[in-house]
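The structure under discussion appears below in the form of structure tokens.
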Amino acid sequence: MRRLSLSLLLAASAASLLVPARLAADLVWTPQGGWKAEGGVLAEFTGEQGRNALDSMNKARAAEESGHARSALKLYLGVQKRYPNSVFAPEALYRAGRIQQQRLAYYQAFETYQQMVSRYPNSEKFTQVIGEQYRIASDLFAGKRPRLWGFLPGFKNRDRALEFFETIVKSAPFSDYAPLSLMNASRGYKQKGETEAAIDALDRMINTYPRSTLTPDAYLKIAETHASLVDGPLYDQASTKQAVTYYEDYMILFPGDAGMVQAESGLDKMKTVLARSKLTIADYYYKHRRNYKAARVFYNEAITVYPDSAVAKQAREKLVDIDAKLEAQAAVAAGQPAPQSAAPKAAEPKKKKRFLLF
């Protein structure tokens, strides 16, 4: 039993030395000495495979430094393909992605970086690579054209930029680039007319990153996006209510933000539309259905929605007339004479025509 425990302890110690130590090492390159490791023990440097990998990395970096980008790219990608478990693999992918990015091969560069992010998430260059992916997506979103085969200009592709932003959010949700990517994605969806997708991106931004410096702007943007869907008081008011909610949340949560005036103006418009929709329904029941009780409910709702508005003033005036009509109906139902309204003003007698003789 003691011998078995000792064997397990030795195996565990060996495993801890092989994997973490390999990943803990930092690769440093110098023109005189080539690639060297600092801060870790590298088993990859020993044996035939280790020597071959090191030799390929040195040749690739020498080609890169001398301006032979295509040769360097081929060598770097070969290292990752032949030695995927070595310490050189993530560095090879990083160097290959940089070369592709410099050659404006945006699609290939992003995918190469994505291989590194997916396969080697513990790499010390993880955040740096996510930053490079964000720059590629931003360049495409700005309308820059990729290069095909290193020299032929391609077409603008903002849709691909939106895909890249979403990929960044999934790959590095806790990085500083994730909220930036969501904000850019929402802007892109809105430009394409995909309003629901824009709202979804902003909603994810607000719920996932409530403490981000971009969150106030996200609240304002989602309120404005909902407001853009409002067609007026005669239509469904679901978007109006959502806009009102986000404007109010913004004003409560961020009272000192620079967009306060913009939010107040937007809230005024949305509450006016919502109150007028209640007024329109009330007018329908009052004029066309003679249902004064229902009309009264909606006039009161119009007042509740926006008490200090011109719409509320109109609703209060209508309520005076409705109260009088309801009182008259109640009197008639009780067998009493209906209350007399104020006597109409007597018409003035017509003036006699006067004829002048000259």
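Bear in mind that the values in this text are calculations on the coordinates, not laboratory data. Values in this document were obtained by computation on a predicted structure and should not be read as measured data. Neighbour counts are summed over all protein chains in view; Cβ atoms, including those assigned to glycine, are modelled from backbone coordinates with ideal geometry.
Here each label is just a point 7 Å from Cα along the line to Cβ, and for Asp308 and Arg145 those points are 5.6 nm apart. In this structure, the amide hydrogen of Leu148, modeled 1.01 Å from its nitrogen in the peptide plane, lies closer than 5 angstrom to those of Gly154, counting only residues at least 5 positions away or on a different chain. Per-residue 3J(HN,Hα) values for segment 61-69, derived from phi via the Karplus relation 6.51 cos²θ - 1.76 cosθ + 1.60 with θ = phi - 60°, read 5, 5, 5, 5, 5, 8, x, 8, 5 Hz in sequence order (x marks Gly and Pro).
Structure note, pairs Lys170/Lys269; Lys241/Lys313; Lys287/Lys313; Lys190/Lys278; Lys269/Lys293: Cα-Cα distances above 25 angstrom occur for Lys170/Lys269; Lys190/Lys278; Lys269/Lys293. Computed from backbone phi, the HN-Hα couplings of segment 241-252 come to 5, 5, 4, 4, 4, 6, 4, 5, 4, 4, 5, 7 Hz, rounded to whole numbers (Karplus: 6.51 cos²θ - 1.76 cosθ + 1.60, θ = phi - 60°; Gly and Pro given as x). Coupling constants for segment 289-298 follow from the phi torsions by the Karplus curve (6.51 cos²θ - 1.76 cosθ + 1.60, θ = phi - 60°), and in residue order they are 10, 6, 9, 6, 5, 5, 4, 4, 4, 6 Hz; glycine and proline get x. Here the peptides 59-70, 319-330, 181-192 are ranked by packing, the mean other Cβ count within 10 Å, and the order with the highest first is 181-192, 59-70, 319-330.
For segment 101-194, the calculated P(r), taken from all Cα-Cα distances in 10 Å bins from zero up to the bin holding the longest distance, is 17, 49, 29, 5 percent. With a Förster radius of 56 Å applied to the beta-carbon distance between Asp236 and Trp29, the computed FRET efficiency rounds to 0.35.
Counting only residues at least eight positions apart within a chain, or on another chain, the aspartates and glutamates with an alpha carbon under 17 Å from that of Lys125 are Asp26, Glu38, Glu91, Glu111, Asp176.
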